[in-house]
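Report on one structure; see the data block that follows.
The values are calculated or read from the model by the stated rules, or taken from the named source; none is laboratory data. From a predicted model like this one, the values you see are computed outputs, not experimental measurements. Don't worry about glycine lacking a Cβ; one is built from the backbone with ideal geometry, like all the others, and counts go over all protein chains shown.
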Amino acid sequence: MRTIPPDNEETTGNNLIFFVGFMGCGKTTWGRKLAAHLGYTFIDLDHVLEEKAGMRIADYFSSFGEDAFRQLETSVLKETEYPDNTVISTGGGLPCFFDNMQWMNAHGKTAYIRLSPKTLAQRLESSKTERPVLQGKKGDELVAFITGKLAERENYYLQAKYSIDGLSLSVEGLEDILLK
(Lines give C-alpha, C1' and ligand atoms only; values in the text may rest on other atoms or scores of the structure.)
Protein backbone atom coordinates (compact mmCIF):
# COMPACT_ATOMS: atom_id res chain seq x y z
CA MET A 1 0.00 0.00 0.00
CA ARG A 2 1.32 3.42 -0.93
CA THR A 3 0.37 6.54 0.91
CA ILE A 4 0.18 9.68 -1.18
CA PRO A 5 2.72 12.28 0.00
CA PRO A 6 1.56 15.57 1.52
CA ASP A 7 0.16 18.16 -0.88
CA ASN A 8 3.42 20.12 -0.94
CA GLU A 9 5.33 17.15 -2.37
CA GLU A 10 4.98 16.31 -6.05
CA THR A 11 5.35 12.80 -7.40
CA THR A 12 5.88 11.48 -10.87
CA GLY A 13 2.66 9.52 -10.45
CA ASN A 14 3.49 6.80 -12.95
CA ASN A 15 1.33 4.28 -11.16
CA LEU A 16 -1.95 6.17 -10.62
CA ILE A 17 -4.38 6.88 -13.48
CA PHE A 18 -7.37 9.18 -12.85
CA PHE A 19 -10.25 9.19 -15.34
CA VAL A 20 -12.18 12.47 -15.51
CA GLY A 21 -15.07 13.65 -17.65
CA PHE A 22 -18.79 14.29 -17.70
CA MET A 23 -21.19 11.79 -16.15
CA GLY A 24 -21.93 8.97 -18.56
CA CYS A 25 -18.67 9.27 -20.52
CA GLY A 26 -17.44 5.86 -19.36
CA LYS A 27 -14.98 6.67 -16.57
CA THR A 28 -16.03 3.71 -14.42
CA THR A 29 -16.54 1.28 -17.31
CA TRP A 30 -13.20 2.04 -18.95
CA GLY A 31 -11.43 2.31 -15.60
CA ARG A 32 -12.53 -1.21 -14.67
CA LYS A 33 -11.61 -2.58 -18.10
CA LEU A 34 -8.17 -0.93 -18.12
CA ALA A 35 -7.40 -2.02 -14.55
CA ALA A 36 -8.36 -5.64 -15.36
CA HIS A 37 -6.29 -5.56 -18.56
CA LEU A 38 -3.20 -4.22 -16.76
CA GLY A 39 -3.62 -6.21 -13.55
CA TYR A 40 -4.07 -2.92 -11.63
CA THR A 41 -6.37 -2.15 -8.73
CA PHE A 42 -9.55 -0.24 -9.61
CA ILE A 43 -11.13 2.36 -7.32
CA ASP A 44 -14.42 4.12 -8.04
CA LEU A 45 -14.33 7.26 -5.88
CA ASP A 46 -18.13 7.50 -5.99
CA HIS A 47 -18.33 4.11 -4.25
CA VAL A 48 -15.70 5.15 -1.69
CA LEU A 49 -17.72 8.31 -1.03
CA GLU A 50 -20.93 6.32 -0.53
CA GLU A 51 -19.17 4.02 1.93
CA LYS A 52 -17.75 6.97 3.87
CA ALA A 53 -21.09 8.84 3.90
CA GLY A 54 -23.10 5.72 4.71
CA MET A 55 -25.63 6.58 2.00
CA ARG A 56 -26.06 6.87 -1.74
CA ILE A 57 -24.72 10.01 -3.43
CA ALA A 58 -28.23 11.07 -4.48
CA ASP A 59 -29.39 10.88 -0.85
CA TYR A 60 -26.34 12.74 0.48
CA PHE A 61 -26.76 15.43 -2.18
CA SER A 62 -30.44 15.97 -1.34
CA SER A 63 -29.89 15.81 2.44
CA PHE A 64 -26.84 18.06 2.76
CA GLY A 65 -26.62 20.03 -0.50
CA GLU A 66 -23.98 20.47 -3.15
CA ASP A 67 -21.44 22.40 -1.04
CA ALA A 68 -21.25 19.66 1.60
CA PHE A 69 -21.12 17.02 -1.13
CA ARG A 70 -18.20 18.74 -2.91
CA GLN A 71 -16.27 19.04 0.37
CA LEU A 72 -16.80 15.35 1.13
CA GLU A 73 -15.84 14.43 -2.44
CA THR A 74 -12.58 16.38 -2.09
CA SER A 75 -11.71 14.74 1.23
CA VAL A 76 -12.38 11.30 -0.28
CA LEU A 77 -10.07 12.11 -3.22
CA LYS A 78 -7.22 13.32 -1.02
CA GLU A 79 -7.57 10.94 1.95
CA THR A 80 -8.02 7.64 0.12
CA GLU A 81 -4.96 5.40 0.22
CA TYR A 82 -4.17 4.34 -3.33
CA PRO A 83 -2.16 1.13 -3.80
CA ASP A 84 0.58 1.18 -6.41
CA ASN A 85 -0.75 0.63 -9.92
CA THR A 86 -4.31 1.88 -9.51
CA VAL A 87 -6.90 3.19 -11.96
CA ILE A 88 -9.36 5.64 -10.37
CA SER A 89 -12.71 6.85 -11.71
CA THR A 90 -13.87 10.20 -10.37
CA GLY A 91 -17.22 11.93 -10.14
CA GLY A 92 -18.06 14.18 -13.08
CA GLY A 93 -17.83 17.40 -11.06
CA LEU A 94 -14.83 16.49 -8.90
CA PRO A 95 -12.15 18.10 -11.14
CA CYS A 96 -14.04 21.40 -11.13
CA PHE A 97 -13.89 22.20 -7.42
CA PHE A 98 -11.17 23.33 -5.04
CA ASP A 99 -7.75 22.28 -6.39
CA ASN A 100 -8.80 18.73 -7.25
CA MET A 101 -7.59 18.73 -10.86
CA GLN A 102 -4.19 20.13 -9.85
CA TRP A 103 -3.96 17.54 -7.07
CA MET A 104 -4.70 14.66 -9.45
CA ASN A 105 -2.19 15.98 -11.99
CA ALA A 106 0.46 16.21 -9.25
CA HIS A 107 -0.19 12.66 -8.01
CA GLY A 108 -0.84 10.68 -11.18
CA LYS A 109 -1.78 10.63 -14.82
CA THR A 110 -5.12 12.19 -15.70
CA ALA A 111 -7.23 11.30 -18.73
CA TYR A 112 -10.31 13.21 -19.89
CA ILE A 113 -12.78 11.00 -21.77
CA ARG A 114 -14.47 13.34 -24.30
CA LEU A 115 -17.93 12.80 -25.76
CA SER A 116 -20.43 15.13 -27.43
CA PRO A 117 -23.44 16.41 -25.47
CA LYS A 118 -25.75 14.40 -27.75
CA THR A 119 -23.87 11.14 -27.14
CA LEU A 120 -23.75 11.82 -23.40
CA ALA A 121 -27.51 12.49 -23.38
CA GLN A 122 -28.21 9.20 -25.18
CA ARG A 123 -26.09 7.29 -22.68
CA LEU A 124 -27.58 9.04 -19.65
CA GLU A 125 -31.17 8.51 -20.81
CA SER A 126 -30.57 4.76 -21.00
CA SER A 127 -28.58 4.61 -17.73
CA LYS A 128 -30.10 3.09 -14.61
CA THR A 129 -27.90 5.21 -12.32
CA GLU A 130 -29.77 7.88 -10.37
CA ARG A 131 -28.29 11.32 -11.04
CA PRO A 132 -29.88 14.11 -8.98
CA VAL A 133 -28.86 16.96 -11.29
CA LEU A 134 -30.56 15.31 -14.29
CA GLN A 135 -33.89 14.59 -12.62
CA GLY A 136 -36.75 15.02 -15.10
CA LYS A 137 -34.57 16.13 -18.03
CA LYS A 138 -34.93 14.27 -21.36
CA GLY A 139 -34.35 14.80 -25.05
CA ASP A 140 -33.46 18.33 -26.16
CA GLU A 141 -33.72 19.65 -22.60
CA LEU A 142 -31.10 17.12 -21.47
CA VAL A 143 -28.80 17.93 -24.42
CA ALA A 144 -29.09 21.66 -23.61
CA PHE A 145 -28.36 21.01 -19.92
CA ILE A 146 -25.28 18.91 -20.77
CA THR A 147 -24.07 21.51 -23.28
CA GLY A 148 -24.27 24.20 -20.59
CA LYS A 149 -22.59 22.08 -17.91
CA LEU A 150 -19.82 21.06 -20.32
CA ALA A 151 -19.20 24.73 -21.11
CA GLU A 152 -18.67 25.28 -17.36
CA ARG A 153 -16.58 22.17 -16.76
CA GLU A 154 -14.55 21.55 -19.88
CA ASN A 155 -11.88 24.10 -18.94
CA TYR A 156 -11.12 21.89 -15.93
CA TYR A 157 -11.35 18.62 -17.85
CA LEU A 158 -8.91 19.95 -20.45
CA GLN A 159 -6.29 20.38 -17.72
CA ALA A 160 -5.95 16.58 -17.76
CA LYS A 161 -2.64 15.33 -19.13
CA TYR A 162 -4.49 13.33 -21.80
CA SER A 163 -7.68 14.12 -23.71
CA ILE A 164 -9.17 10.99 -25.26
CA ASP A 165 -12.03 10.57 -27.76
CA GLY A 166 -14.62 8.48 -25.93
CA LEU A 167 -16.07 6.99 -29.13
CA SER A 168 -12.91 5.22 -30.24
CA LEU A 169 -11.70 3.69 -26.97
CA SER A 170 -10.12 0.30 -26.46
CA VAL A 171 -8.10 -1.00 -23.53
CA GLU A 172 -5.12 -1.48 -25.83
CA GLY A 173 -5.47 2.11 -27.06
CA LEU A 174 -5.71 3.41 -23.50
CA GLU A 175 -2.65 1.39 -22.53
CA ASP A 176 -0.70 2.83 -25.49
CA ILE A 177 -1.66 6.39 -24.58
CA LEU A 178 -1.32 6.23 -20.80
CA LEU A 179 1.64 3.91 -20.29
CA LYS A 180 4.11 5.09 -22.93
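Only one entry in E73, E81 is in a loop (DSSP other than H, G, I, E, B), more than 18 Å from L178 (Cα to Cα) and among the charged types (D, E, K, R), namely E81.
Here's the yes/no breakdown for (1) surrounded by 18 or more Cβ atoms within 10 Å (Cβ to Cβ); (2) closer than 18 Å to A35 by Cβ; (3) at pLDDT 95 or above:
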| residue | (1), (2), (3) |
| --- | --- |
| Y82 | yes, yes, yes |
| Q102 | no, no, yes |
| S116 | no, no, yes |
| T119 | no, no, yes |
| E125 | no, no, no |
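Cβ separations smaller than 8 Å between residues 6+ apart or across chains give the following pairs from segment 80-107 residues that are free of Cβ contacts under 8 Å to residues at least 40 places away in the same chain to residues that are surrounded by fewer than 18 Cβ atoms within 10 Å (Cβ to Cβ) and of a type in the set (V, I, T): T80/V48; F97/T74; F98/T74; N100/T74.
Can you find a residue that is outside any strand (DSSP E or B) and over 14 Å from C25 (Cβ atoms) anywhere in segment 108-120? Yes, some residue in segment 108-120 is outside any strand (DSSP E or B) and over 14 Å from C25 (Cβ atoms). The residue that is surrounded by the fewest Cβ atoms within 10 Å (Cβ to Cβ), among those in segment 23-37 that are within 14 Å of T129 (Cα to Cα) and of a type in the set (A, V, I, L, M, F, W, C), is M23. Residues in segment 150-171 that are loosely packed, with under 13 Cβ neighbours inside 10 Å and either without any contact (Cβ under 8 Å) to a residue 40 or more places away in the chain or in a strand (DSSP E or B) (or both): A151, N155, D165, S168, S170. Screening F19 against (1) surrounded by fewer than 21 Cβ atoms within 10 Å (Cβ to Cβ); (2) at pLDDT 95 or above leaves a single unmet condition, (1).
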